[in-house]
Amino acid sequence: MAKIEMVRIGEYLQTALKILKDNGGQMASRDVMDSTGQTLKLTEYEKESFEKTGYIRWQSILHLYSINCVKAGWLRKNKGIWYITNEGIDALKLSPGDFIKKSNQKYREWKQKQTKETPEIQDEVSEEISRKTAFEQSFSNARADIEDYIKNLDPYEFQDLVAALLRGMGYHTPFVAPRGRDGGFDILAYKDPFGSVPPRIKVQVKHRDQKISVNEARELASLLNKPDETGLIVSMGGFTSEAEAEIRRSSRHIEMIDLDEFINLWEEHYDKMKEEDRDLMPLRWVAYLAPVEGRI
């Protein structure tokens, strides 16, 4: 009977972690899977689906054994996003065989009471494995749909989305830049209608794939002319490490929100928004039977 050897599973995991490392350390799990599948030379057997679950064999195995990497401290997962740790980068120096052995060992140590070896996967996956795979894939797909929705907006629609989020967080937005305006800040946000209570927030919104540069961070800092003014940069493309360092060193208070954090905040404050603001990016909550941590 055909099977996928443990060394091969080590190759799956190392390929996925290397892709994370080469892409800034974090990616949506769906993108990790797509890139890993394109990098690996998969056999027909690996690309087949399990008969009972319909899930692709190699993807199900990678999802399952990624749990070991989490318990080893090499990988973190949060809301459909995978993050490689410094320890994970160091683990890439291991051979695939040593990589999978060490990750299995770390998982068994975490499990404590487990006495059996981590099983090799044959033609069937357990109901719990299927549930874990389905849950993570569904979450990742839902997250990707939200990201795609935001990326397909034009810059002013994204700007309106940011203003709606701020209102959901309890701020007033007396100024949102009209179409055609260029330069300066895009949104002004107050804690009260008249701006008499600090902080008074000047917001720059960047709807693009490129990361915020050092010069752009400095530009916002130059607009903060009063001690009680706070800067906020919402960047769909994220921030360069140099820009992050510049913001941390700045004498002005500036906060950063990337696309991932924006979606987290939208979900967190969604129920507090007015209906017309929710309609800018409406969400629907679906109950899903989540996997129980530590069951496998």
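Tabulated data for the structure shown
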{"read-out": "Theoretical FRET efficiency, 1/(1+(r/R0)^6), r = Cβ-Cβ of Ser196 and Lys77, R0 30 Å, to 0.05", "value": "0.10"}
{"read-out": "Under 17 Å from the Cα of Lys52 - aspartates and glutamates, other chains or at least 8 residues apart", "value": "Asp123, Glu124, Glu127, Glu128"}
{"read-out": "Reach of Lys111 by Cα under 24 Å, taken over lysines that are not fewer than 8 positions away in the same chain", "value": "Lys71, Lys77, Lys79, Lys101, Lys102, Lys132"}
{"read-out": "Likely footprinting exposure, Thr173, Thr43, fewest C-beta neighbours within 10 Å first", "value": "Thr43, Thr173"}
{"read-out": "Distance (nanometres) between label positions extended 7 Å along Cα→Cβ at Asp34 and Gln105", "value": "3.7"}
{"read-out": "For Glu255, distant residues with modelled amide H under 5 Å away", "value": "Gly231, Leu232, Ile233"}
{"read-out": "Partners for Lys191 among lysines (Cα-Cα distance below 24 Å; same-chain residues under 8 apart left out)", "value": "Lys202, Lys206, Lys226, Lys272, Lys274"}
{"read-out": "Percentage relative contact order, the chain, counting C-alpha pairs under 8 Å, at least six apart", "value": "15"}
{"read-out": "Stretch gain in nm, segment Arg208-Asn225, where the contour uses 0.36 nm per residue and the Cα spacing is subtracted", "value": "3.4 nm"}
{"read-out": "In range of the label at Phe175: residues from the stretch 193-223 whose backbone nitrogen is under 15 Å from the point 7 Å along Cα→Cβ", "value": "194-196, 200-205, 220-223"}
{"read-out": "Label-point separation, Glu275 to Glu5 (7 Å along Cα→Cβ), nm", "value": "6.3"}
{"read-out": "Additional length obtainable on full extension of the chain from Leu94 to Ser138, 0.36 nm per residue less Cα span", "value": "12.7 nm"}
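Taken together, the values in this text are just the output of simple stated rules run on the coordinates, not laboratory data. Since this is a predicted model, take the numbers as computed values, not measurements. Note that we place each Cβ from the backbone using ideal geometry, even for glycine, and neighbour counts take in every protein chain shown.
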